[in-house]
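What follows is a single structure, written as structure tokens, with notes after it.
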Amino acid sequence: MRDTARKVEEKYFSNLATHVEFLPVEWRSKLTLDGDTVDSITPDKVRGLRDMLNSSAMDIMYYTSPLYRDELVKGLQQELNRLYSLFCSRNPEFEEKGGKVSIVSHSLGCVITYDIMTGWNPVRLYEQLLQKEEEEELEERWMSYEEQRLLEELYITKQRLREIEERLHELKASTISKPPVLKFKVENFFCMGSPLAVFLALRGIRPGTSGSQDHILPRTICNRLLNIFHPTDPVAYRLEPLILKHYSNISPVQIHWYNTANPLPYEHMKPSFLNPSKEATSAPDTESASAAPSPTTSPVMVRRHYGESITNIGKASILGAASIGKGLGGMLFSRFGRSSATPQTMETGKDGPEGDEKKATTVGTPPLPHSSSGFLEPTVELEHRIDFELREGLVESRYWSAVTSHTAYWSSLDIALFLLTFMYKQDQEETDKSNLDTL
């Protein structure tokens, strides 16, 4: 990623006064976890495949284990803070000039980083579930008067105990200021091939009504959340429908190819419907286009042409999932200065605009005409788009890409340009404004 980003930076951002530095966060090898216990119980047959599973997919099992979860969280948190402190000690002007930090995470690393930033703890959730069960037991189950009285006393005593514990924690916090979990504010949190949406759904997160990122990640913790995925990555899931349900009917934002000439800025790209399923398109095209209901009120479509349905990938998804946990998150430190120039116009590659149009059709999510209701005009819209989808190549096999796509993010020139575009966004806006003032 560092190499590909440098190539893109030299080509499109070389005239800017600022620079983005990539620091790899390698923390997994320092953890002891179970020692060599798992290795000792692994059979010798197909050892290579078993070792790959042990070193990648096993991390999910470790993370869901109450015995090892804290060790994983603490290991990543300490390494993030150590790298930041080391970077600042070698670049003392970074904090003085308002340098900003972004995190790029991959696969399970997205979940661990999210939990570090938000402070999510399964123990707290378990206590809430126990409390809810106690309340339901008091309300629903038939019991004798004596049993009911004792349960009520027990419930009141536990409530009182919780209040005393909370007051004690508040008193401790007022006398000893607790240091922040991370030593820096996260500007952009880039998730690549992320299963975070599944984890949040299983934790009880349900769609809201505000359209704000705060529903899943408060802006006070992280300014911008961006979810990047390849359409055939079997480990990746969308986040937008967890904020507004009707976004399951709306296509993710298509990431530009790095050699696209004069690409439309992402904030100017209009939301468009995903193509409905074959069953839904049995009606004439003109009728379905004109009578398409608003996505804010229409139910979620049963099945849609989303490149290829992820459920149809088949056995290849098992091999793709085997690589989960690889490269758990990278960290980016970017310095934003005020003296910069307008970015160069991107050169047209051999694919060109015509190639773009041809390749875009393979995804199956072209926007409908302006005259129809294909473009989204809802009463509630997301403040910022979160889901960004890589374009599929013309010749790649979807079954093979299901195996390879989960680890292909790091070397993608398209993703390198995408990351730099958002990290240099403030520079470019300020430059455009100063150029206008000059004119």
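The values are calculated or read from the model by the stated rules, or taken from the named source; none is laboratory data. Just so we're clear, the structure is a prediction, and the values are computed from it rather than from any experiment. Glycine also receives a Cβ, built like all others from the backbone with ideal geometry; neighbour counts cover every protein chain displayed. Heads up: the accessible areas ignore ligands, DNA and RNA and are worked out on the full protein's heavy atoms, side chains in. Shrake-Rupley method; radii C 1.70, N 1.55, O 1.52, S 1.80 Å.
Is at least one residue of segment 165-183 of a type outside the set (Asp, Glu) and modelled with pLDDT of 90 or more? Taking every residue of segment 165-183 in turn, at least one turns out to be of a type outside the set (Asp, Glu) and modelled with pLDDT of 90 or more.
When segment 38-62 is filtered for residues that are more than 24 Å from the chain's Cα centre (by Cα), open to solvent by 70 Å² or more (accessible area, probe 1.4 Å) and modelled with pLDDT of 80 or more, the ones remaining, listed by number, are 40, 41, 44, 45, 46.
Taking the condition touching a strand residue (DSSP E or B) at 6+ places or on another chain (Cβ under 8 Å), in a loop (DSSP other than H, G, I, E, B) and closer than 20 Å to residue 120 by Cβ, does residue 225 pass? So residue 225 does not fit the description; no. Here segment 141-162 is the region considered, the condition is being exposed (fewer than 11 other Cβ atoms within 10 Å of the Cβ) and modelled with pLDDT under 85, and the residue that is nearest to residue 98 (Cα to Cα) is 141. When the residues of segment 86-104 are filtered to those that are of a type outside the set (Ser, Thr, Tyr) and touching an Asp or Glu at 6+ places or on another chain (Cβ under 7 Å), the one that is most open to solvent (accessible area, probe 1.4 Å) is 100.
Might you let me know whether segment 114-125 holds any residue that is at pLDDT below 85 and either open to solvent by 70 Å² or more (accessible area, probe 1.4 Å) or of a type in the set (Val, Ile, Thr) (or both)? Yes - at least one qualifying residue is present in segment 114-125.
Every condition in (1) open to solvent by less than 30 Å² (accessible area, probe 1.4 Å); (2) closer than 26 Å to residue 418 by Cα; (3) out of contact with any Leu (no Cβ under 7 Å at 6 or more places or on another chain) holds for residue 83 except the one numbered (3). Residue count for segment 68-80 satisfying the condition of being open to solvent by 20 Å² or more (accessible area, probe 1.4 Å) and in contact (Cβ under 8 Å) with a residue 60 or more places away in the chain: 1. Against the test of being closer than 19 Å to residue 194 by Cα and among the charged types (D, E, K, R), the options 90, 82, 69 yield a single qualifying residue, 69.
For segment 20-29, the condition holds for no residue, the condition being that it is closer than 29 Å to residue 118 by Cα, free of Cβ contacts under 8 Å to residues at least 40 places away in the same chain, open to solvent by 20 Å² or more (accessible area, probe 1.4 Å) and hydrophobic (A, V, I, L, M, F, W, C).
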